[in-house]
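Working notes, beginning with the structure itself.
The values are calculated or read from the model by the stated rules, or taken from the named source; none is laboratory data. What you are looking at is a predicted structure, and each value in this text was computed from that prediction instead of being measured. Here Cβ is always computed from backbone atoms with ideal geometry, including for glycine, and neighbour counts include all displayed protein chains.
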Amino acid sequence: MPSEVAAARFRPGDRVRVRAAHPPGHIRTPYYCRGHVGVVERLCGAFANPEELAYNRPGLPAQPLYRVRFKATELWPDYREDPADVVEIELYQHWLEEVS
Amino acid sequence: MNDPARPGPSDSRGYYRRMQAAVEELLILKGVVTAADVDRQVAAMASRSPERGARFVARAWVDPAFRARALADGAAAAGEIGLEVGPLRLIVVENTPDVHNVIVCTLCSCYPRMLLGIPPEWYKRRAYRSRVVRDPRAVLAEFGTEVPAGMRIRVHDSTADMRYIVLPMRPAGTAGWSAERLAGLVTRDSLIGVERLPDAV
Amino acid sequence: MGGLPAGPVERDEHAYEQWEQRVDALMMLLSAKERRLLRVDELRRNIESLGADAYDRMGYYERWMHAIVQTLIQRGVISIDELGRTMAGTGGDDAE
């Protein structure tokens, strides 16, 4: 029986870029991080894809979900507070690509 | 097409309240729920409050091994002390002298409700959700909270299946206090991260 | 909406009315494993479909009630006609 869980491609410490795509529908990838680069903080597990669940579809295979840490200065070009500040966001694997 | 914000030709006040009553009536007729189910659920939600989070934090303060387990798996640790949280995946983020944590859900209003109950109104509104990821210190200042220089901020955007609670630093001047007494110091807003707890005098 | 400009945080607290607490309860009951009549994801999609204007003019539990009804209609759990008739039956009496 085929696995209903997609294999995890990333590990903590990996640099990843959030795809700069803008599909319609229910998306749990905030606009403000699309196209930006962060570092994987942890793998949270695998979960059914909410984009599909939103239309009463099974959302399988389950997608690995990661917490990705972004520097505030990366997200906001005019960031005026502490340059060490970060924003950490849970992102599904199919939104992430490797950074070479 | 009807405008959901301006429903009905005449008295739209109470429109959604009438809708709620009608939906509940239909679902009861269809055997989907009973009125008692709804009553019980209302009571269950009302029984969940920040006091549960305060107990959780106080236990972490007095018991270092519990604290370590809470940081590794918040839901399992909560369960150990009788705080049942259902299928909630709880991540505990600890404040330190170098790091201050703040929680938000920019996409909607995700919150660890099964532990803490219903979130405050401001947490669900645009102002907080839009601004705290971009200007956290300015937003915290509106709560009367100052993050000292040299302390960096981690903002956690609760976008998916995890839920978060801040483990504040234990206030100074509390040596020897019982967990119950310590729990009395912990506020809801310190668990979200918009408040820092003052030292006990 | 993260990062968009917005006004100051208003810190009013709000005691929810009975009907609002019952909206919350219905959401929990209908999405629970035993029933799975809707998913929170469907509710969120229906709220997002409101558009910024309606979203801003509606209260929090008005949005969730709208979303619950849309989802139950989409799923075929209730029909628009029976809902309309039942609402007309309960209409005219707004007493708690």
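Structure notes:
- Helices (runs of 4 or more DSSP H) completely within the stretch C:1-85 that count 3 or more residues being more than 9 Å from chain B (Cβ to nearest Cβ) and modelled with pLDDT of 95 or more: C:40-48, C:60-75
- Yes/no for C:Gly89 being of a type outside the set (A, V, I, L, M), at the interface with another protein chain (Cβ under 8 Å from one of its Cβ atoms), at positive phi and free of Cβ contacts under 8 Å to residues at least 24 places away in the same chain: no
- Checking B:Thr145, B:Thr159 one by one, the residue that is of a type in the set (Ser, Thr, Tyr), within 7 Å of another protein chain (Cβ to nearest Cβ) and either closer than 30 Å to A:Glu74 by Cα or assigned to a helix (DSSP H, G or I) (or both) is B:Thr159 and no other.
- Of residues in the stretch B:12-38 being surrounded by 13 or more Cβ atoms within 10 Å (Cβ to Cβ) and of a type in the set (D, E, K, R), the one farthest from the chain's Cα centre (by Cα): B:Glu25
- Hey, B:Ile192 β-branched (Val, Ile, Thr), surrounded by 18 or more Cβ atoms within 10 Å (Cβ to Cβ) and over 17 Å from the mean Cα position of the chain (by Cα) or not: no
- If you filter the stretch A:1-38 down to residues that are in a strand (DSSP E or B) and either among the acidic types (Asp, Glu) or closer than 10 Å to A:Tyr66 by Cβ (or both), you find that the one that is farthest from the other protein chains (Cβ to nearest Cβ) is A:Val16.
- Scanning the stretch B:57-83 for residues that are within 15 Å of the chain's Cα centre (by Cα) and not small (Gly, Ala, Ser) returns B:Val57, B:Leu83.
- In this structure, A:Glu88 does not qualify as assigned to a strand (DSSP E or B), touching a strand residue (DSSP E or B) at 6+ places or on another chain (Cβ under 9 Å), in contact (Cβ under 8 Å) with a residue 24 or more places away in the chain and farther than 22 Å from A:Ala21 by Cα.
- Selection over the stretch B:104-133 of residues that are touching a helix residue (DSSP H, G or I) at 6+ places or on another chain (Cβ under 8 Å), in a loop (DSSP other than H, G, I, E, B) and within 23 Å of C:Ala52 (Cα to Cα) gives a count of 10.
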